[in-house]
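Structure first, then comments.
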Amino acid sequence: IKRLTVPALRQRKQGRATADPVVMLTAYTARQAQLLDPHCDLLLVGDSLGQVIYGLPSSVPVSLDMMIAHGAAVVRGSWHSVVIVDLPFGAYEASPEAAFAAASRVLKETGCAGIKLEGGAVMAPTVEFLVSRGIPVIGHVGLTPQAVNVLGGYNARGRTDAEAAKIVADAKALADAGAFAVVVEGVVEPIAVAVTEAIDSLVIGIGGSVRCDGQVLVTEDMLGMFERVPRFVKRYENLAETISAAAARYAGEVRARTFPGIEQTYQPKG
Ligand code: KIV
Ligand code: NA
C-alpha cells in the first residue's frame, strides 16, 4: 500500500468545505499506530503525550527529543496515514531559522511527512519559511495548549467578537503562508464554520464543528482512558474500566496462586 501524501489530502478541499472529511487521531506508540492507521488519513504525534503518557501538568515541558522518539515509533507502526509530529513549546517560536532546525530534525529522524505548530499570524513568516524549504505544516489556532500560561486555562475561545475575528484572521494568515491544514481547537461553533469557509486549507476541528473539513481527537480521550475530559470529547470505549478490571483479575489470580496455570508453564520434555 502506498502512503497517502500531503498534496493528495490537501486536494480534498475544493471550495468551501471538503465532501470527504479528514479522519485524524493522535498516536504515540508503534502498536497504537498499527491499530489506528487503517482507519485514519492523518496520525498526529501530539505534544499532548506530555500529559497522556508522561503525566506532566501541561504540554509546556515536552522536549523535541521526546517528540522525535515517539514520532519515529508511529512512523514505524504505520503504512497508510500521513504522520504529522507536533513541534513542542520552545522549539520554534524564536525564529523561522530555529523552527527549521527543529522541524528538519523531526523529518530526518522520524520519517514523518510534516509538522504542526501552534499560533496565528505571528507564526505566518515561520510557516512560509518552512513550507518554501520543503516542510509541510499544519497550523493550530483557537485554544492553543502551549499558551496555557498566557491564556490562564483551557477554556473555549472566541466568545467575544474581537477574539472571534482574531481567530479567523490567524487561520487566514497561516493558510496564506502555505499551511496545508489548520487545527481549530476549543472554539464556539460559528467560528469553526467561519474559518472552514474562509480558507482553502483543510480545517480540522477539535471542539470545533461537524462542518469542519475533518476531525481530530486525542486517542486516549476517545477510548475512555481518563475520568475527566473536555466537553468536545466523545468516548467510544471505556478502556479505563476494561484495564482496571483486567488488572484486578490478574492480581486476584496471583494472590490465589491460580496464575500461572498449566497452559502458561513450561514442563521438561518427555
Ligand atoms: O497535541 C495534540 O494532541 C493536539 C491535538 C489535540 C490537536 O495538538
Ligand atoms: Na498539540
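Quick notes on this structure:
- For the criterion of being more than 13 Å from the chain's Cα centre (by Cα) and more than 23 Å from Val127 (Cα to Cα), Ala69 passes.
- Enumeration of residues in segment 106-125 that are buried (at least 16 other Cβ atoms within 10 Å of the Cβ) and either in a helix (DSSP H, G or I) or away from ligand 2 (no atom under 16 Å from the Cβ) (or both): Val106, Leu107, Glu109, Thr110, Ala113, Ala121, Met123, Ala124
- Scanning segment 38-72 for residues that are charged (D, E, K, R) and in contact with a Pro (Cβ under 6 Å, 6 or more places away or on another chain) yields one hit, Asp47.
- For segment 69-105, the candidate set comprises residues that are surrounded by fewer than 19 Cβ atoms within 10 Å (Cβ to Cβ) and of a type in the set (A, V, I, L, M); within that set, the residue that is farthest from Tyr28 (Cα to Cα) is Ala94.
- Qualifying residue in segment 86-102 (condition: over 13 Å from Phe129 (Cβ atoms), in a helix (DSSP H, G or I) and within 15 Å of ligand 2 (Cβ to nearest atom)): no
- Subset tally (residues that are among the hydrophobic types (A, V, I, L, M, F, W, C), over 19 Å from Val131 (Cβ atoms) and within 15 Å of ligand 2 (Cβ to nearest atom)) for segment 190-209: 1
This table checks each residue for (1) within 13 Å of ligand 2 (Cβ to nearest atom); (2) closer than 21 Å to Phe226 by Cβ; (3) in contact with a strand residue (DSSP E or B) (Cβ under 6 Å, 6 or more places away or on another chain); (4) not in a loop (DSSP other than H, G, I, E, B).
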{"site": "Leu35", "(1), (2), (3), (4)": "no, yes, no, yes"}
{"site": "Leu44", "(1), (2), (3), (4)": "yes, yes, yes, yes"}
{"site": "Asp47", "(1), (2), (3), (4)": "yes, yes, yes, no"}
{"site": "Gly50", "(1), (2), (3), (4)": "yes, yes, no, yes"}
{"site": "Ser59", "(1), (2), (3), (4)": "yes, yes, no, no"}
{"site": "Asp65", "(1), (2), (3), (4)": "no, no, no, yes"}
{"site": "His70", "(1), (2), (3), (4)": "yes, yes, yes, yes"}
{"site": "Val74", "(1), (2), (3), (4)": "no, yes, yes, yes"}
{"site": "Trp79", "(1), (2), (3), (4)": "no, no, no, no"}
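- Scanning segment 209-220 for residues that are free of Cβ contacts under 8 Å to residues at least 24 places away in the same chain and crowded, with 19+ Cβ neighbours inside 10 Å yields one hit, Ser209.
- Any pair with Cβ under 6 angstrom, 6 or more apart, that starts in segment 195-208 at a residue that is within 11 Å of Gly178 (Cα to Cα) and touching a residue at least 60 places away in the same chain (Cβ under 8 Å) and ends at one that is outside any loop (DSSP other than H, G, I, E, B) and away from ligand 1 (no atom under 16 Å from the Cβ): Ser201/Ala175
- Filtering Val187, Val183 for residues that are in contact with a Leu (Cβ under 8 Å, 6 or more places away or on another chain), within 16 Å of ligand 2 (Cβ to nearest atom), modelled with pLDDT of 95 or more and hydrophobic (A, V, I, L, M, F, W, C) leaves a single hit, Val187.
- Here segment 138-179 is the region considered, the condition is being in a loop (DSSP other than H, G, I, E, B), in contact (Cβ under 8 Å) with a residue 24 or more places away in the chain and within 21 Å of Leu87 (Cα to Cα), and the residue that is farthest from the chain's Cα centre (by Cα) is Ala177.
- Residue within segment 18-33 that is of a type in the set (S, T, N, Q), surrounded by 23 or more Cβ atoms within 10 Å (Cβ to Cβ) and either within 16 Å of ligand 2 (Cβ to nearest atom) or not in a helix (DSSP H, G or I) (or both) present: yes
- Within segment 185-270, helices (runs of 4 or more DSSP H) holding 1 or more residues that are within 26 Å of Ala19 (Cα to Cα): 189-198, 219-222
- Of all residues making up segment 126-155, the number that are of a type in the set (Gly, Ala, Ser), surrounded by fewer than 20 Cβ atoms within 10 Å (Cβ to Cβ) and at pLDDT 95 or above: 3
- Only listed residue being in contact with a helix residue (DSSP H, G or I) (Cβ under 9 Å, 6 or more places away or on another chain) and either closer than 13 Å to Val218 by Cβ or among the charged types (D, E, K, R) (or both), chosen from Leu64, Leu56, Leu49: Leu49
The values are calculated or read from the model by the stated rules, or taken from the named source; none is laboratory data. This structure is a prediction, so every number in the text was calculated from the model and none was measured. Neighbour counts are summed over all protein chains in view; Cβ atoms, including those assigned to glycine, are modelled from backbone coordinates with ideal geometry.
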